[in-house]
Each structure stands twice: as C-alpha cells, then as structure tokens.
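We did not get these values from a lab; they are worked out from the coordinates using the rules stated. Small disclaimer: the values here were computed from a predicted structure and weren't measured. So basically every Cβ, Gly included, is an ideal-geometry build from the backbone, and we count neighbours across all protein chains shown.
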Amino acid sequence: MVNEYWDLNRKPFSNTPDLDFLFRSDEFEEGYARLLYNITEICGGLTLITGEIGSGKTFLAYALKEHLEKENGVVSIITNPKLSSMQLLKTILRKLGKKDVPRYKIKVLNQLEELLVDLNNENRPVIAMIDEAQILSLDALREIRLLLNIETSEKKLLQLVLFGQPDLKEKIERFPQLKQRINIRFHLEPLTREETNNYVKHRLLVSGTKREIFKPAALDILYKRSKGLPRLINNIAQNALFVSCAEGVKKVGPDIIESVADDLEI
C-alpha cells in the first residue's frame, strides 16, 4: 500500500545491508579505502573500525566483502560474536568452508593453519570480519591476538577486521599486546546535513522514483532528529512514509517527521 501510494517498487528505507542501496559518503569512502589498503597492500593483520550504533559499519563490511570476493578473496562475516575462544575458532573454520570441525582445540588450530597455508599457496587472501565486536569475550580477544601469529615471512595468513561500537576501543586498551597489532584504526562518523539529504534521495531513486517526496524542511528535521545516523534516518523516514500515506498528503512535511521521531523516542 505504502509503496504504491508513493510510486515505489521496493521499500526504500529497510535496515538491511542491501548493496543496491549503498550510499558512498565521504566517511564511507575513507573507511573503505583504509580497510582495502591494510588488507590488500600492507597485509597488516588487524584493522579496527568503530562507529556509533547505526552509523553504517555493517554496510561497510558487506561492501568490502563483495569487492574482495571478486578479487578471489575468501571472506567471512561473523555477525553474532558472543562466543568463547573455542567457539570463535570453530566459527571461523566453518565460515571458511570446513564442515567437519574437530572437537579439540589443538586439532581446530592445526586444521585452520593448514587451510590458511593452502589458500595462501593458491594466492587467495583470507579475511575474517567480526561485526559487533564490542561483545567479544576477553578470551576471544586473546585468541584473536594468537591468530595473528599465523604468518609467513612476508605476510599474515589471516586478515582480521573488528567492527564495533566506540566502547570496543576501551576494551582493547586492556590488551596492550592486541592494541599494538592494530595497523589501521578508523571511526565512522555520521552523515552531514547535505549527505543526509542526498542519502534520502538516493534511496528513493533506487526504489524507483525521482519524485520529491520529502519537503526540504522535513529533511532538515530528519537530519536533526537522526543526527545523521543511517539507521535512524531509515526508521524515521519509513514510518513517515506510512503516516503520510495514511493521512493522504502529497509530500512528507516537517510536522510528520517530528511526530514520528517522538513516537520512536528518537
């Protein structure tokens, strides 16, 4: 009903990492370039990407995954890392394609190292990305440090990228040995006011319309209430489309944005 009312062929503001909707803000491009450089040029082992909740870290991970896989990379994304150190090792091994994972840790480590060596011999870089890394256990963080020891004389055989909320940095501060291994750090900032406007227009265009659905004043309020965080922009904008449809208005106005943001407690 809502899509038909606005002449859209798909939902424009879904909070899923659909790369059709990828919006390359300046912050995104900078983070993407740093990640790619550390993984493909330096082979530095560990990259740390932080950002507020809803700032676009997951989108960044999936965009990088798509690119690296086109370049013959073997990429895994762990989205729920509330794991013990042993569970983390087994999860990485499974994500890299192993179905029969051993029971005991020494055999898991041996199998993982053998797999990494084989893939390196095939000139296939291996990258493990961990989303929501701030919830990693302390034992899992210690295990990550040890995983970075799997290397040749030239490079690390496993590239690790940690994506997390700002408190991940504080957690890592407690592990100087891990902190020292971070080659690249980047904090993903929210969108600017102009980028927020372009972000909304971009998503509407991908969804099938060039219509000006949001009044300029509505976009100003959308930026203020969301603080430029894509997830909040999506939540407010999608609900505003529904409310405006129900009220039969032709364009989304600032009063509707304010009302929806209040209802969502944003």
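Listed values, structure above:
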{"quantity": "Only Lys, Arg (+1) and Asp, Glu (-1) charged, at Cβ; the chain dipole about Cα centre in debye", "calculated": "660"}
{"quantity": "Nonlocal amide H pairs with Met129, under 5 Å, H built at 1.01 Å", "calculated": "Ser76, Ile77, Ile78, Val161"}
{"quantity": "Estimated distance in nm for a label pair at Val117 and Glu194, the labels positioned 7 Å out from Cα along Cα-to-Cβ", "calculated": "5.4"}
{"quantity": "Förster radius 30 Å - calculated FRET efficiency between Ile106 and Glu66 (Cβ-Cβ, nearest 0.05)", "calculated": "0.30"}
{"quantity": "222 nm mean residue ellipticity, helices alone, for the chain (DSSP H n ≥ 4; -39,500 (n - 2.57); rounded to 500)", "calculated": "-15000 deg cm²/dmol"}
{"quantity": "Positive-end residue, the chain charge dipole about Cα centroid, Cβ charges, pick of Phe59, Ala246, Ile130", "calculated": "Ile130"}
{"quantity": "Tilt relative to the chain, helix 193-206 - C-alpha long axis, 0 to 90 degrees, to 10", "calculated": "90"}
{"quantity": "Cα lying deepest toward the dipole's positive end in segment 1-55, options Val2, Ile42, Phe13, charges on Cβ", "calculated": "Ile42"}
{"quantity": "Residue with peak Gaussian network fluctuation, the chain [Cα springs, cutoff 10 Å], from Glu132, Glu173, Glu52", "calculated": "Glu173"}
{"quantity": "Segment 106-174 versus segment 241-259: alpha-carbon centroid distance in Å", "calculated": "47"}
{"quantity": "Vicinal HN-Hα couplings computed from phi for segment 38-47 (Karplus, 6.51 cos²θ - 1.76 cosθ + 1.60; Hz; Gly/Pro x)", "calculated": "5, 6, 9, 9, 7, 6, x, x, 10, 10"}
{"quantity": "Segment 26-188 - share of DSSP beta bridges that are antiparallel (%, nearest 5)", "calculated": "5"}
{"quantity": "Violating pairs (Cα-Cα greater than 19 angstrom) within the set Lys201/Lys224; Lys95/Lys171; Lys156/Lys179; Lys65/Lys95; Lys82/Lys169", "calculated": "Lys95/Lys171"}
{"quantity": "Segment 26-188, relative contact order in percent, only Cα pairs under 8 angstrom and at least six apart counted", "calculated": "39"}
{"quantity": "For segment 139-216: relative contact order, % (alpha-carbon pairs under 8 angstrom, 6 or more apart)", "calculated": "19"}
{"quantity": "3J(HN,Hα) from dihedral phi, segment 247-252, Karplus parametrisation 6.51/-1.76/1.60, rounded to Hz, x for glycine, proline", "calculated": "8, x, 8, 8, 9, 6"}
{"quantity": "Reference-scaled alpha-carbon Rg (2.2 N^0.38 Å with N residues) for the chain", "calculated": "1.15"}
